[in-house]
Amino acid sequence: MNYQEYSAYFKDIMERAAAEQQPPYDNPDYLAYTKLNWSRMNRWFKTGELSKEFLEVVARIDRPQDWIVITEPWCGDAAHNLPFLEMAARENPLISISYELRDMAPFRIEQYLTNGTRSIPKVVIRDREGNDLGTWGPRPANCQRVYAELQREKAPFEKVKVEIQNWYNANRGEDLQRELAGVLSGTL
């Protein structure tokens, strides 16, 4: 699905009556995460900026690329990263970006596990023949280090959520752009 279709899917979840929700959105926590992620995502679309260096790499893409973003509306990491991916793809007409849900067919995430887990978001970059050129995800390496340290500490989930949110707010998409620029440079 394209971004408009993904956005409509996202909105539909938030607008459904509680009795009409499908799993996992029938769980009030997942529905609350989804609503919060909608706000976060839209805030990044308004305030997020692509760096000059990242834009230069995106502009150097001279052959068609398909970016497949595997995601879900309940995913906090996706809410912080997806806007930057979408904004970058809009900068070069040779980039086609689409969104697939992790938990629905074609279940592409099974081919792109992270340490054996179905972690998202995951970006798969392909040429038009369907050959993988590179992948990125589920979160910037420095954010992953924060997350791993909190896991080692056995931090409560509430603390993990706050720390990761604070990391994303302070970083403002810089690490994602730097890492993705490295992946994209390898595709040129």
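The values are calculated or read from the model by the stated rules, or taken from the named source; none is laboratory data. In this text the structure is predicted, and so the values were computed from the model without any measurement. Cβ coordinates were reconstructed from backbone atoms using ideal geometry, including for glycine residues, and neighbour counts include every protein chain displayed.
Overview of results
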read-out	value
Pairs, first under 22 Å from Ser185 (Cα atoms) and in a helix (DSSP H, G or I) in region 136-150, second of a type in the set (Lys, Arg) and modelled with pLDDT of 95 or more, C-beta under 8 Å, six or more apart	none
Residues of region 28-80 satisfying the condition of being touching a helix residue (DSSP H, G or I) at 6+ places or on another chain (Cβ under 6 Å) and of a type in the set (Ser, Thr, Tyr)	Thr34, Ser51, Thr71
Test: residue in region 33-50 that is on the phi < 0 side of the Ramachandran plot, surrounded by 15 or more Cβ atoms within 10 Å (Cβ to Cβ) and not in a helix (DSSP H, G or I)	yes
Odd one out for Lys161 among (1) surrounded by 15 or more Cβ atoms within 10 Å (Cβ to Cβ); (2) at pLDDT 95 or above; (3) not in a strand (DSSP E or B)	(2)
So Val69, is it in a helix (DSSP H, G or I), hydrophobic (A, V, I, L, M, F, W, C) and at pLDDT 95 or above	no
Some residue of region 127-135 being within 19 Å of Trp44 (Cβ to Cβ) and touching a residue at least 24 places away in the same chain (Cβ under 8 Å)	no
